[in-house]
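I have placed the structure first, in the form of structure tokens, so that the comments after it can refer back to it.
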Amino acid sequence: MAPGIDAEPRIGNASNEQAGSTPLGPLYHGDGNRTLRNSTAPVSGRKMSMRATASYLRVAVFQEEPFVMLKETSKGRKFVGFCIDLLEELKKTMDFQYILQEAPDRKSGNALGNGSWDGVIGEIMKGNADLATGSLTITSQREDVVDFTKPFMEYGIVMVMRRSEDTERDTFAFVHPFSGMVWAGIIASMFAVGILLYLTSRARYRLGVQSYHADNDRDFNLRNSLWFAYWSLMRKGGEPPPRSPSARIITGVWWLFALIVVSTYTANLTAFLTVRHLSVPVSSVEDLAAQSSILYGITDKGSLLDFFKNQEGTNSVYERLWQAMKARPAESFVSSVNEGMQRVLTSNYIFMVHGPYFQNKARSDTECRLATAGAPFLYRGYGIATQNDSPWTEKLSLEILRLRESGRIDLLRDTWWPRSSCNLDGSRKDASARELAMADFLGIFYLLAGGSALGCVVAVLEILWCRFRGFKTKGVEDIEEGNLQELMRGFSSGQYAIVIQRNSYSQKRCSCHSNANTDTTRL
């Protein structure tokens with residue numbers, strides 16, 4: 001521990017006789033495991049400004065979840081939050097003690113117009129505090145009256161909107177999983193495979209390459225081939241199954257193609273039917289300024305309000321936003337973040353707010369009703385405020401940089417801003433519901449083309465091999481000629497006979513079979 005710094009803070013150890021003494025409000029020790037009694041500390045002016053050998057550092061805070069919050073415990077009240085944990089990390093490495101004191105007006109700090117400030121910035125200017133922390137944005141106006149450390153967190157302004165589910169019904173929603181080009185490719189492939197099966201089977205049949213008893217090329221006429229290709233695409237297998245090697249190669253690759261296509265279609269169709277499609281009215285600040293159907297606004301105090309006020313005369317998109325908000329102040333400005341979030345849920349309203357504020361409020365939105373419109377804008381940083389020319393500004397800045405480089409601040413942020421189960425980015429489409437384009441299917445189309453080409457090559461090789469060997473399988477003509485010769489020999493030997501039946505039917509009876517007179521003549 002550094003010399004001159006007490007292990008325990010001393011409450012009320014400053015002289016009450018100094019001029020300008022005013023109460024600051026409850027004081028709480030920064031150690032999360034200990035609390036102190038409620039008391040008031042007198043102001044000691046600049047003589048109590050921060051020194052390396054001071055007994056304790058006075059840290060002014062203002063409440064904003066989850067940066068600084070006042071928690072009730074069985075032993076009393078104490079402050080907790082991200083900034084309190086950050087102070088504890090700095091305390092461990094820099095070896096100092098501190099006392100937390102809430103600003104009397106519980107504000108961050110705004111210029112009052114007469115050179116003075118309210119909130120924690122005003123407390124530092126008056127000498128009532130040595131440090132100030134919380135969701136304190138570093139701005140040029142504040143830098144004129146106090147010093148800031150390096151930012152311990154960067155953030156952007158987000159436009160918070162209410163999720164509005166697209167209620168429009170699409171009659172042809174079943175075609176959305178695939179793009180038009182993919183559908184055209186699938187249909188063209190089906191016809192191509194059917195025609196290819198017909199051509200290879202017909203060529204083998206006409207050229208006498210087939211085995212009459214083993215192959216069924218004769219069954220694959222054009223109609224049957226196209227029906228087989230369609231039936232296979234519907235995952236029904238197809239009849240009759242091909243037997244020749246070339247047809248089996250083409251069919252096997254086509255079945256693999258059909259399996260992948262149908263499985264992908266089923267999965268993507270499920271995503272399209274179950275995903276919540278959002279109607280996003282705006283996607284940028286330019287869109288927000290260009291429309292007039294949706295109200296928008298900010299809190300009526302803080303650094304964001306100061307920023308918009310400073311846009312007067314800049315002729316920028318932010319000035320247009322500011323002029324629109326000034327024209328309808330009652331419908332644009334809110335007194336707190338909670339009020340702004342509630343207005344988003346209950347009316348057609350877009351609330352511009354610090355990103356960390358929104359992320360914290362979204363954790364309690366279990367129904368996922370809140371989302372952001374477009375990307376964050378106006379990136380800024382939170383820092384710890386110190387008195388002007390304070391020797392601790394550089395020391396704290398250096399230690400904050402070390403904590404950021406080590407990842408410790410990121411761990412603290414994950415603790416106080418756990419990941420939400422909702423998709424908070426309303427402008428981002430869910431990848432599971434994306435329409436699949438031809439580029440997503442090029443691989444399987446290449447596989448189908450390669451397998452079909454291989455089947456054709458095998459058919460050609462079969463034909464060439466049979467021609468080279470001078471071999472011709474017994475075709476249907478040979479079979480039919482042999483059957484006819486065998487039949488004639490049967491007639492000559494009396495083994496076969498042709499029976500002619502002449503039936504006469506009774507007109508008076510219902511049963512024609514019982515009245516039939518049969519004359520049989522043996523040829």
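Nothing in this text is a laboratory measurement; each read-out follows from the coordinates by a stated rule. Just so it is clear, the model here is predicted, and its values are computed rather than measured. No Cβ is skipped: glycine too gets one built from the backbone with ideal geometry, and neighbour counts run over all protein chains shown.
Worth a mention:
- In units of the rule-of-thumb radius 2.2 N^0.38 Å, region 298-416 shows an alpha carbon radius of gyration of 1.31.
- Modelled spin labels at ARG77 and ASP300, positioned 7 Å past Cα toward Cβ, are 2.5 nm from each other.
- Ranking of HIS176, HIS354 by count of other Cβ atoms within 10 Å, fewest first: HIS176, HIS354
- Fully extending the segment from MET234 to ALA437 would add 71.0 nm, taking 0.36 nm per residue of separation and subtracting the current Cα-Cα distance.
- Packing-based ranking, highest mean first, of 313-326, 184-197 given that Cβ atoms within 10 Å are counted: 184-197, 313-326
- Measuring between alpha carbons in the structure, the pairs from LYS126/LYS301; LYS309/LYS361; LYS75/LYS150 lying more than 30 angstrom apart are LYS75/LYS150.
- Prolate/oblate/rounded call for region 314-360, Cα gyration tensor, a/c under 1.5 rounded: oblate
- With each label modelled as a point 7 angstrom along the Cα→C-beta vector, the ALA330-ASN388 pair spans 4.3 nm.
- Long-range HN-HN contacts of ARG58 with modeled amide H, under 5 Å: ILE99, ASP130, LEU131
- Rounded, prolate or oblate (a/c below 1.5 giving rounded, otherwise prolate when a/b exceeds b/c) for region 73-148 by Cα gyration tensor: prolate
- Global size of region 283-362: 12.1, 35 Å for Rg and Dmax (C-alpha atoms, Rg to one decimal, Dmax whole).
- Among VAL160, VAL460, VAL61, the order by Cβ neighbours within 10 angstrom, fewest to most, reads VAL460, VAL160, VAL61.
- ASN348-VAL175 FRET efficiency (beta carbon distance; Förster radius 41 Å; 0.05 resolution): 0.80
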